[in-house]
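Here is the structure we will look at, set down as structure tokens.
The values are calculated or read from the model by the stated rules, or taken from the named source; none is laboratory data. In this text the structure is predicted, and so the values were computed from the model without any measurement. Cβ placement follows ideal geometry from the backbone for every residue including glycine, while neighbour counts extend to all protein chains displayed. The accessibility values were calculated without ligands, DNA or RNA, using every heavy atom of the protein model including side chains. Shrake-Rupley method; radii C 1.70, N 1.55, O 1.52, S 1.80 Å.
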Amino acid sequence: MRISARADYAVRAALQLAASRDDAPLKAEAIADSQDIPHKFLESILNDMRRGGLVLSRRGGNGGYRLARPAEDISIADVIRAVDGPLVSVRGVRPPELSYTGPAESLLPLWIALRSNVREILEGVSLADVASARLPASVSALTDAPGAWTNP
């Protein structure tokens, strides 16, 4: 599975907004600087997140961006979907829309299982969980597996 730069930047921007202690909006420039994200790219990402209902924007001198809902109510999956679409696709197609024959026939349940596990993790972790460094125990347990931190 590959997480795009767009999704990574979106999650990091959302976490910056989640970590904001007051209700004042954050300027895109401040978010970009704090997370080392190219400003123009971030503007596009924030617009996608606004259209997806995750952030609110306000123009003007006191303007900027803030989360549209509490950080506890926004999952990492919500953010990724807002900027990249479905969490798991094969050649740009959602797994239920695929069909295989012969020896490849059991690929479909494999892709469905992968999608199910990705959903379980990303839908089960909120911005608040990550911003507070308190991942759910089930997610933390996965990082304890012997090969979790090594590349095959």
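Which of the following values of semi-axes √(5λ) of the Cα gyration tensor in Å was calculated from the structure shown: [x] 22, 18, 16; [y] 32, 19, 13; [z] 24, 18, 15?
It is the value labelled [y].
Any idea how far apart Glu72 and Thr143 come out in nm if each label point goes 7 Å out from Cα toward Cβ?
Rounded to a tenth, the inter-label distance reads 2.2 nm.
How much length is gained if the chain between Asp36 and Glu120 is pulled fully straight, taking 0.36 nm per residue apart and subtracting their Cα-Cα distance, in nm to one decimal? Numbers along the way, then the final one.
Details: separation 84, 0.36 × 84 = 30.24 nm, distance 2.91 nm.
Residue separation times 0.36 nm, minus the Cα-Cα distance, leaves 27.3 nm.
Could you sort Asp23, Asp8, Asp48 by their accessible area in this structure, using a 1.4 Å probe and putting the largest first? Write down the numbers at each step before the final one.
Numbers: Asp23 120, Asp8 65, Asp48 30 Å².
Listed by decreasing accessible area, they come as Asp23, Asp8, Asp48.
Which percent of the accessible heavy-atom area of the chain goes to carbon and sulfur, probe 1.4 angstrom? Mind dumping the intermediate values first?
Values: 4870 of 9400 Å².
Answer for the chain: carbon and sulfur cover 52 percent of the accessible area.
Students often get this wrong: which residues of the stretch 19-35 have the backbone nitrogen under 16 Å from the point 7 angstrom along Cα-to-C-beta of Ser132?
19-22
Place a point 7 Å from Cα of Ala113 in the direction of its Cβ. Which residues in the stretch 88-107 have their backbone N less than 12 Å from it?
Zone members listed by number: 106-107.
May I ask which residue of Val55, Val11, Leu142 lies farthest towards the positive end of the charge dipole of the chain, with charges of +1 (Lys, Arg) and -1 (Asp, Glu) on Cβ and the Cα centre as origin?
Farthest towards the positive pole: Val55.
Pick out which of Arg66, Arg91, Arg50 has the largest mean-square fluctuation in a Gaussian network model of the chain, springs linking Cα atoms closer than 10 Å.
Arg91
Under 10 Å, Cα contacts only: if you run a Gaussian network model on the chain, which one of Asn117, Asn62, Asn47 comes out with the highest mean-square fluctuation?
Comparing Asn117, Asn62, Asn47 in the GNM, the peak value goes to Asn62.
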